[in-house]
Amino acid sequence: MPGISTNPGTSNRPLEQRLTISLGTVLGLALAVPLLILLWQLRSLILLVMISVVLASSIAPVVDWAERYRVPRWLAVVLIYLSIIASIVGAGVLVGPTVFEQIQQLIGLVPVSIRNVYDVISAWALNLNNTRPELANELVNRVLDVQGLTSWAIRSSQQLLIRSFGVTTGILGGVFSLILALFLSGYMLADSRTLINNLVRLLPRPWDERLTAQVGPVSNRIGSYIRGRFLVSLILAIATTIGLSFLGLSDFALGLGAIAGVTNLIPFLGPILGAIPALVVAVPQGGWVFLWVLLFYVIIQNLETYILDPLLVGSSVGVHPLYQLLAVLGGTQVLGLIGALIVPPWVAGGAVLLENLYLRPKLMRERRRYLVNTTTDSSASADDAPSESIITSPY
């Protein structure tokens, strides 16, 4: 074809691409492998730091409030932690023995309740098939294996507990880990400005200033989430204790309320986990008690989902509920119950960084580009308008 020149010697030869790897890339890859191994070996310490950051973020507003009234920051941290420890010890002394006693009774009641469920299903199957009772009995035995179900539940619970505490107890003791997390969080609060300044000095400009500006919003997001969840759990624990006392489960109401308060710290899955022990206890009490307890927990779950969470947690999460659920499931899979508690607030804090450092600048650039294009098009139209009028004017 005219106007197009081709080289017959190279027209059918595929294009050759050369892959060049710089020395910096090779060194980076070589250093990444031992760094990942080191981080894996320090996973217990990393988890401890994550817990400490969450604790520090939840208490930071109170420390800032005390500092505004000329209270030294270290003294405010000490007083707040002493108050929290005193409150926990006081609550443990007042209701702790009763709660532990009722929980022990609940554990002993589980096999009896499972046997009652099995007997009810067996009787229903036998009445359904009076002509072949042996077939119905065999069907029930195959579908509902009490021993297998019990062993599966015990084995799954053990695995979950091992995964929950194995990360911290592998190197540190459980109680010592809690004390160390409180100590680290207190140190973070008392000398937070120095710690932040020393960390951001390692970053190039302007990222040091950008990340310094994001420390406050991230801390507020994490702290708001934790404070909201604790308040929701406390309200639901009290409501569960009172409600079950009126439904005929007063002998276990305090223990079940404590279980509901702890499990409701976990979003989405908490109410379901807290309802299982109550339903197990309600089985020997009869069908009507079981139905009333089931209805009560349905009401409690809807109360949390549609009233308490939007009111007390609300926009502090800043993450779509689906992503929150994935964070809970992922944290549980990796770290057990500790992950279900710790990962969601970190995801909420990460959402702040994603929004402020990427989404908002991206939106601003797109708007600026749109305004520039609009202004350019308007100027071009204005410049073309007089020439067109001169050419087309009959005068």
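The values are calculated or read from the model by the stated rules, or taken from the named source; none is laboratory data. The structure presented is a predicted model; accordingly, all values stated were derived computationally and were not measured. Backbone-built Cβ (ideal geometry, glycine too); neighbour counts: all protein chains shown.
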Filtering the range 328-378 for residues that are within 30 Å of Leu265 (Cα to Cα) and among the polar types (S, T, N, Q) leaves a count of 3
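Out of the residues in the range 253-287 that are part of a helix (DSSP H, G or I) and of a type in the set (S, T, N, Q), state the one that is farthest from the chain's Cα centre (by Cα). Walk me through how you get there before you give the answer.
Narrowing the range 253-287 to residues part of a helix (DSSP H, G or I): 253-263, 270-285, 287.
Imposing the further condition that a residue be of a type in the set (S, T, N, Q) reduces the set to 263, 285.
Numbers: Thr263: 13, Gln285: 36 Å.
Selected residue: Gln285.
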Restricting the range 253-279 to residues that are in contact (Cβ under 8 Å) with a residue 24 or more places away in the chain and surrounded by fewer than 21 Cβ atoms within 10 Å (Cβ to Cβ), which is farthest from Leu326 (Cα to Cα)? Leu254
Which of the residues spanning the range 186-208 are aromatic (Phe, Trp, Tyr) and under 27 Å from the mean Cα position of the chain (by Cα)? Tyr187
Inspect all residues belonging to the range 2-11 and state whether any of them is surrounded by 10 or more Cβ atoms within 10 Å (Cβ to Cβ) and modelled with pLDDT under 80. no
How about the range 162-204: which of its residues are surrounded by 17 or more Cβ atoms within 10 Å (Cβ to Cβ) and at pLDDT 80 or above? Leu180, Ala181, Leu182, Leu184, Ser185, Gly186, Met188, Leu189, Ala190
Sort out which residues of the range 46-81 are out of contact with any helix residue (DSSP H, G or I) (no Cβ under 6 Å at 6 or more places or on another chain) and without any contact (Cβ under 8 Å) to a residue 40 or more places away in the chain, and write them in order of number. Ile46, Asp64, Trp65, Arg68, Tyr69, Arg70, Val71, Pro72, Leu75, Leu79
Number of the exception - Ser250 against (1) in a helix (DSSP H, G or I); (2) without any contact (Cβ under 8 Å) to a residue 12 or more places away in the chain: (1)
For the range 202-230, pairs from a residue that is without any contact (Cβ under 8 Å) to a residue 40 or more places away in the chain to a residue that is among the basic types (Lys, Arg), with Cβ under 9 Å and 6 or more apart or across chains, are Leu203/Arg210; Asp208/Arg201
Can you spot a residue in the range 69-82 that is farther than 19 Å from Leu195 by Cβ and in a helix (DSSP H, G or I)? yes
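Yes or no, residue by residue, for (1) at pLDDT below 85; (2) farther than 23 Å from Ala237 by Cβ:
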position: Leu45; (1), (2): yes, yes
position: Val54; (1), (2): no, no
position: Ser58; (1), (2): no, no
position: Pro61; (1), (2): no, yes
position: Tyr69; (1), (2): no, yes
position: Ile88; (1), (2): yes, no
position: Pro97; (1), (2): yes, no
position: Ile107; (1), (2): yes, no
